[in-house]
Amino acid sequence: MASRKAGTRGKVAAAKQAQRGSSNVFSMFEQAQIQEFKEAFSCIDQNRDGIISKSDLKETYSQLGRANVPEEELDEMLQEGKGPINFTVFLTLFGEKLNGTDPEESILSAFRMFDPSGSGVVNKEEFKQLLLTQADKFSPAEVEQMFSLTPMDLSGNIDYKSLCYIITHGDEKEE
């Protein structure tokens, strides 16, 4: 009985952790798309506990005719969710894949190239020049639009850690 309670507590904690996904993800899709994703999620969530587990993936692959999926492959899939995969996390993963958003750590790594001191900020004017003159050049209007949403410190530098959060999770002020 005690082990059953501990297992239940673990599932409740996992479910609460999974709920911490961004609620903003629902605005990325139309209602019909969300319904299709919900149906797909239900097909994968074999035990109907609201969380996709390794056993759910194994069973789904088995039903699709692929019986011996390597454990490492299943683990890699589950690790993409960075915690329990409930429907919100599932939808977020698809949103990232479909909308081309890089993982937060990749975006942070790119910004760190412009922050050799590791201060967490980049100079706004220097960054503006790069956006206007390098690679896929931004127009002045696009730069101003981006800066209107960009968190700045008191010196007017770009707080790129906060910006990366907004890029990958959405701006909480939008809600």
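Can you pull out every residue in region 105-135 that is surrounded by 11 or more Cβ atoms within 10 Å (Cβ to Cβ) and under 17 Å from Thr168 (Cβ atoms)? Answer for region 105-135, where residues must be surrounded by 11 or more Cβ atoms within 10 Å (Cβ to Cβ) and under 17 Å from Thr168 (Cβ atoms): Ser106, Ile107, Leu108, Ser109, Ala110, Phe111, Arg112, Gly120.
Given the criteria part of a helix (DSSP H, G or I), of a type outside the set (Gly, Ala, Ser), out of contact with any Gly (no Cβ under 6 Å at 6 or more places or on another chain) and closer than 21 Å to Met28 by Cα, does Phe127 qualify?
Values: part of a helix (DSSP H, G or I): yes; of a type outside the set (Gly, Ala, Ser): yes; out of contact with any Gly (no Cβ under 6 Å at 6 or more places or on another chain): yes; closer than 21 Å to Met28 by Cα: no.
No; evaluated as a whole, the condition is false for this residue.
Would you say Asp102 is of a type in the set (D, E, K, R), at pLDDT below 80 and open to solvent by less than 90 Å² (accessible area, probe 1.4 Å)? So that I can check it myself, show each step before the final result.
Numbers: of a type in the set (D, E, K, R): yes; at pLDDT below 80: yes; open to solvent by less than 90 Å² (accessible area, probe 1.4 Å): yes.
The answer is yes for Asp102.
Residues that are polar (S, T, N, Q) and free of Cβ contacts under 8 Å to residues at least 40 places away in the same chain do occur in region 102-116, at least one of them. Condition (residue is of a type in the set (D, E, K, R) and more than 25 Å from Leu57 (Cβ to Cβ)) applied to region 112-121: is it met by at least one residue? Checking region 112-121: at least one residue is of a type in the set (D, E, K, R) and more than 25 Å from Leu57 (Cβ to Cβ).
If the condition is being without any contact (Cβ under 8 Å) to a residue 24 or more places away in the chain, open to solvent by 60 Å² or more (accessible area, probe 1.4 Å) and in a loop (DSSP other than H, G, I, E, B), then region 47-89 contributes Asn47, Arg48, Leu64, Gly65, Arg66, Ala67, Asn68, Glu80, Lys82. The single condition among (1) assigned to a loop (DSSP other than H, G, I, E, B); (2) hydrophobic (A, V, I, L, M, F, W, C); (3) surrounded by fewer than 15 Cβ atoms within 10 Å (Cβ to Cβ) that Phe138 does not satisfy is (3).
The values are calculated or read from the model by the stated rules, or taken from the named source; none is laboratory data. All values reported here derive from a predicted model rather than from experimental measurement. With ideal geometry, Cβ positions are generated from the backbone for all residues, glycine too; neighbour counts draw on all protein chains shown. All accessible areas refer to the heavy atoms of the entire protein, side chains included, with ligands and DNA or RNA removed. Shrake-Rupley method; radii C 1.70, N 1.55, O 1.52, S 1.80 Å.
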